[in-house]
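Remarks on the structure that follows.
The values are calculated or read from the model by the stated rules, or taken from the named source; none is laboratory data. Keep in mind the model is a prediction, meaning the values are calculated, not measured. Please note: Cβ atoms are built from the backbone with ideal geometry, for glycine as well, and neighbour counts cover all protein chains shown.
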Amino acid sequence: MNATSKPPLSYRDAGVDIEAGERLVDAISPMAKATARAGVMGGLGGFGALFDLKAAGYTDPVLVSGTDGVGTKLMLAFETGIHNTVGIDLVAMCANDVLAQGAEPLFFLDYFATGKLESGIAEAVIAGIAEGCRLSGCALVGGETAEMPGMYPPGHYDLAGFVVGAVDRDKVLPRMGDMGQGDVLIGIASSGPHSNGYSLVRRIVAREGLFYGGPSPFSNAQTLGEALLTPTRLYAQMVLPLIRSGRVKGLAHITGGGLTENTPRMCPDSLVPKIDRTSWTPPPVFQWLQAAGGVETDEMHRTFNMGIGMVLAVSPNDAASVMADLKAAGEDPRVVGELASA
């Protein structure tokens, strides 16, 4: 058969369904619109997203950006078929990072890539992204959905996100020049491992011979998969008022590396965080992981957040009022340590 007699090929023949992509855009547009906030200009469909910082209320703004993914926690979504929580994780990992610089998350864009768009999966993931944006007060202004045949096994996808935030210049964190010996470290609870340490989590589950659809050994009325897919907490709405009050000198988002590696990131070289590990009790998920995996305590604290998702550095004179404001917001904050001379 010569070249002229070969049947014509289309993009659909190559495995890419443009119509499916268009249907997805139609399905997610109401989700994105529901996250609109002051400053957003226009809607989905342009080549770029516009945002008016003046309309958002900033006078001398500094832009802060962050990007992240969900890591191997995605493997639990694939194995359980639960796809509506990892989008929350995606937003949280980005939004909490820019919050640590004092910034309000303003808008978010996602990247969803898969071998073949499967009915309901992308919509569930993006519904989670929209929920994460709602919880953090930022707008979902766009993203990219890529259908790439042959790149991913059936049912698998990759997920990444990008957030832009803003903070007025005089509120940028950390304020290292204002930090001093004796400053108090206040911890705010996590919801579990968040999105870190899941390669170790999965190894422990496999070695124990457990199934994600079976009962959770550390929580009631949930399967193991549901419990481990508990999404990352978003801290912006509770912490931004404290930042704007001027009482917070530094913030640490406790991600990979745990308290051990993340709290020093907000400190000047002259100071080190002294964490009192007896000041709180790690939630049951961490107790189970340590016991089942035989993980040493230092390794646990270097891998997981151990129940503390965000740490605030404040003056001893402000500690009581910050604790009171967090309690009024429904939190159970703990003094987890202090800053000491290096």
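Quick notes on this structure:
- Every pair of residues 6+ apart whose Cβ atoms lie under 8 Å, when the first sits in segment 65-81 and is in contact (Cβ under 8 Å) with a residue 40 or more places away in the chain while the second is assigned to a strand (DSSP E or B) and among the charged types (D, E, K, R): G69/D158; L74/D158
- Meets criteria (surrounded by 16 or more Cβ atoms within 10 Å (Cβ to Cβ), farther than 21 Å from M238 by Cβ and touching an Asp or Glu at 6+ places or on another chain (Cβ under 8 Å)) for T303: no
- Top-ranked residue in segment 318-329 [being in contact (Cβ under 8 Å) with a residue 24 or more places away in the chain and not hydrophobic (A, V, I, L, M, F, W, C); ranked as farthest from V184 (Cα to Cα)]: D325
- Positions within segment 256-276 being part of a helix (DSSP H, G or I), crowded, with 16+ Cβ neighbours inside 10 Å and either at positive phi or of a type in the set (D, E, K, R) (or both), in sequence order: G258
- You will find that of D332, D298, D318, the residue that is more than 21 Å from K171 (Cβ to Cβ), acidic (D, E) and in contact with a strand residue (DSSP E or B) (Cβ under 9 Å, 6 or more places away or on another chain) is D332 and no other.
Residue by residue, here is whether (1) crowded, with 17+ Cβ neighbours inside 10 Å; (2) closer than 23 Å to K54 by Cβ holds:
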position: P153; (1), (2): no, no
position: V164; (1), (2): yes, yes
position: R169; (1), (2): no, yes
position: D178; (1), (2): no, no
position: Q181; (1), (2): no, no
position: I186; (1), (2): yes, no
position: S190; (1), (2): yes, no
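- Considering segment 180-216, and only residues there that are among the aromatic types (F, W, Y) and in contact (Cβ under 8 Å) with a residue 40 or more places away in the chain, the residue that is farthest from L259 (Cα to Cα) turns out to be Y212.
- Contact map, segment 271-290: residues that are closer than 18 Å to L210 by Cβ paired with residues that are among the hydroxyl-bearing types (S, T, Y) and at pLDDT 95 or above, Cβ distance under 8 Å, separation 6+ or inter-chain. Pairs shown: Q290/T297.
- Of everything in segment 199-250 that is in a loop (DSSP other than H, G, I, E, B) and of a type in the set (V, I, T), the residue that is surrounded by the fewest Cβ atoms within 10 Å (Cβ to Cβ) is T230.
- In a residue-by-residue description of segment 181-190, the property of being polar (S, T, N, Q), in a loop (DSSP other than H, G, I, E, B) and closer than 30 Å to V62 by Cβ applies to at least one position.
- For segment 16-25, filtered to residues that are of a type outside the set (A, V, I, L, M, F, W, C) and surrounded by 13 or more Cβ atoms within 10 Å (Cβ to Cβ), the residue that is modelled with the highest pLDDT is R23.
- When each of L140, L117 is tested for being over 15 Å from R37 (Cα atoms), of a type in the set (A, V, I, L, M), in contact with a Ser or Thr (Cβ under 8 Å, 6 or more places away or on another chain) and not assigned by TED's automatic domain parsing to the domain that holds G192, the lone residue that passes is L117.
For every residue, the table says whether it meets (1) touching a Gly at 6+ places or on another chain (Cβ under 8 Å); (2) not in a helix (DSSP H, G or I).
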residue: K73; (1), (2): no, no
residue: H83; (1), (2): yes, yes
residue: G102; (1), (2): no, yes
residue: F108; (1), (2): yes, yes
residue: Y111; (1), (2): yes, yes
residue: A122; (1), (2): no, no
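- Here P149 meets the list (1) assigned to a loop (DSSP other than H, G, I, E, B); (2) at pLDDT 95 or above almost entirely, failing just condition (2).
- Some residue of segment 304-324 being within 20 Å of S195 (Cβ to Cβ), over 21 Å from the mean Cα position of the chain (by Cα) and not basic (K, R): no
- Check on N196, assigned to a helix (DSSP H, G or I) and within 28 Å of F107 (Cβ to Cβ): no
- Counted residues, segment 321-339 - those being loosely packed, with under 13 Cβ neighbours inside 10 Å and either in contact with a Cys (Cβ under 8 Å, 6 or more places away or on another chain) or not acidic (D, E) (or both): 4
- Hits in segment 26-66 (condition: modelled with pLDDT of 90 or more, among the β-branched types (V, I, T) and surrounded by 14 or more Cβ atoms within 10 Å (Cβ to Cβ)): V62, V64
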